[in-house]
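The values are calculated or read from the model by the stated rules, or taken from the named source; none is laboratory data. Computed from a prediction, not measured in an experiment: that's the story for all the values here. Here the Cβ positions follow ideal geometry from the backbone for every residue, glycine too, while neighbour counts run over all protein chains shown. Note: accessible area is taken over every heavy atom of the protein model, side chains too, but ligands, DNA and RNA are not part of it. Shrake-Rupley method; radii C 1.70, N 1.55, O 1.52, S 1.80 Å.
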Amino acid sequence: MMPYHLLVVAGGSGVRAGGDIPKQYRLLDGVSVLRRTLDAFVRPQTPAPESIRVAINPKHMDWYAAAVQGFAGPLDTPVAGGADRDESVRRGVESFESLPDEAIILVHDAARPFVRPADIGALLACFEKGCAAATLATPVADTLRRTDGQTVGRTDLWAVQTPQAFRLGLLRRAHRIPHGSFTDDAGRVATLGEAVEWVASSPENFKITTADDFALAERMIKSMHRTEFRMGSGFDVHAFDPDGRVMRLCGVAIDGPPGLKGHSDADVGLHALTDALLGTIGAGDIGTFFPPSDPQWKGADSRVFIAHALSLVGRHGGRLVNADITFIGETPRIAPHRSAMQSALSEILRLPPERIGIKATTTEGLGFTGRREGLAAQAVVSIEFST
Ligand code: MG
């Protein structure tokens, strides 16, 4: 990804959003708008800036300090902004005096905290194709009409957003044009006759301006911190091996005969559990990752399968809440081994034993289990995902 520097414009005194402090310093669900905007650029999925500086009104220094306290990004000293946005950007651009003309600068409004990582990536990708200026924008969906009743064709109309990205040399030239009525920097660059690439963004990347915007932003943030529970189920069967000396169930060795036939250690309980875990993230089943045709899983300890499924669930942001396993068969008797299985699973799953159910039933002599041909197991898990 192209290296870049970020300039955040936060000099405004806007109180249209309500409240008695400028909107960029108001708290949204406990965190200031400016801080949320800065945080958007240091998420793991976001291409990381080389440096970040914020243009502020020097009178806002206390609010600014509170907003950036503990911020982990490469933050420079703030730049003193000017009377309006255009002037604040110009001063910010001047402050990059030590950077070469080829450097890429992203200019972003402090009041757009919902910019998406993928959109920042798409903006930067334009520079790999050789463009020198690009902006996020979203096509206008509403019919536009002037107050005199004239409808404005919307086919070529885009609502311009930020970040806007520029080679610094071009941005320097654009800000040498005498002060006009520019409300964004891509507008200045276009005045020079230079092409600006349009990168389609999302209406989510709106600029918080009014009290209604603020209320919408709060609703969006609340809906982001959603916890959801998912369930997964798994089922497995292994045939008895009449000559098997030992059987492994949920990681516990039980003296045979019989044992269980299988390519791996034939731990039918852990296999059902692996499938249940994979089921919560739509990741296929145990055979997807550990095909019996692959010789490396011959005699494998099934705890490896569980560990892999758990790590996949963890990567999706999931946390195991409980697991419940039922064995179905005439033999062995499970009750004498229940607590050993609970403690083995407690270690494997890193769960307290009271969140691990181990149960067993016969099928009253019916079917293949009734005929003592094999043992079946089913598992159910519940996983909490925080998004
Ligand atoms: Mg199996």
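A few notes on this one:
- In the range 321-342, the qualifying residues are those that are hydrophobic (A, V, I, L, M, F, W, C), surrounded by fewer than 19 Cβ atoms within 10 Å (Cβ to Cβ) and in contact with a strand residue (DSSP E or B) (Cβ under 6 Å, 6 or more places away or on another chain), and the one that is nearest to G234 (Cα to Cα) is V321.
- When the range 291-320 is filtered for residues that are out of contact with any strand residue (DSSP E or B) (no Cβ under 8 Å at 6 or more places or on another chain), open to solvent by less than 20 Å² (accessible area, probe 1.4 Å) and among the aliphatic types (A, V, I, L, M), the ones remaining, listed by number, are A300, I306, A309.
- Pick from the range 220-238, criterion modelled with pLDDT of 95 or more and loosely packed, with under 15 Cβ neighbours inside 10 Å, ranking: nearest to the ligand (Cβ to nearest atom): S233
- Helices (runs of 4 or more DSSP H) enclosed by the range 146-227 - at least 2 residues per element that are basic (K, R): 168-174, 211-224
- Residue check, L75 among the aliphatic types (A, V, I, L, M), open to solvent by less than 50 Å² (accessible area, probe 1.4 Å) and modelled with pLDDT of 90 or more: no
- Against the criterion of being out of contact with any Phe, Trp or Tyr (no Cβ under 7 Å at 6 or more places or on another chain), within 22 Å of D213 (Cβ to Cβ) and not polar (S, T, N, Q), P47 does not qualify.
- Qualifying residue in the range 125-132 (condition: assigned to a helix (DSSP H, G or I), touching a residue at least 40 places away in the same chain (Cβ under 8 Å), under 18 Å from V9 (Cβ atoms) and open to solvent by 20 Å² or more (accessible area, probe 1.4 Å)): no
- Condition check for G251: within 16 Å of the ligand (Cβ to nearest atom) and more than 24 Å from the chain's Cα centre (by Cα): yes
- Residue within the range 143-151 that is open to solvent by 40 Å² or more (accessible area, probe 1.4 Å) and closer than 25 Å to R43 by Cα present: no
- Just one residue in the set L320, L375, L312 is more than 40 Å from the chain's Cα centre (by Cα) and closer than 20 Å to T274 by Cβ; that residue is L375.
- Which listed residue, of R53, R43, R85, is within 15 Å of L7 (Cβ to Cβ), modelled with pLDDT under 95 and of a type outside the set (G, A, S): R85
- Restricted to the range 263-290, and to residues there that are within 16 Å of the ligand (Cβ to nearest atom) and on the phi > 0 side of the Ramachandran plot, the residue that is least open to solvent (accessible area, probe 1.4 Å) is A266.
- One residue stands out among those in the range 343-361 that are outside any helix (DSSP H, G or I) and open to solvent by less than 30 Å² (accessible area, probe 1.4 Å): the one that is farthest from I254 (Cα to Cα), which is L351.
- All positions within the range 362-380 that are assigned to a strand (DSSP E or B) and not polar (S, T, N, Q): G374, L375, A376, A377, A379, V380
One line per residue, one yes/no per condition, for (1) at pLDDT below 90; (2) assigned to a helix (DSSP H, G or I); (3) hydrophobic (A, V, I, L, M, F, W, C); (4) more than 24 Å from the chain's Cα centre (by Cα):
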| site | (1), (2), (3), (4) |
| --- | --- |
| V8 | no, no, yes, no |
| A17 | yes, no, yes, yes |
| L34 | no, yes, yes, no |
| P47 | no, no, no, no |
| H60 | no, yes, no, yes |
| A67 | no, yes, yes, no |
| G70 | yes, no, no, no |
| R90 | no, yes, no, yes |
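- Filter result (in a helix (DSSP H, G or I) and among the basic types (K, R)) within the range 111-124: none
- Boolean, D109 is of a type in the set (D, E, K, R), under 34 Å from the mean Cα position of the chain (by Cα) and under 30 Å from L27 (Cβ atoms): yes
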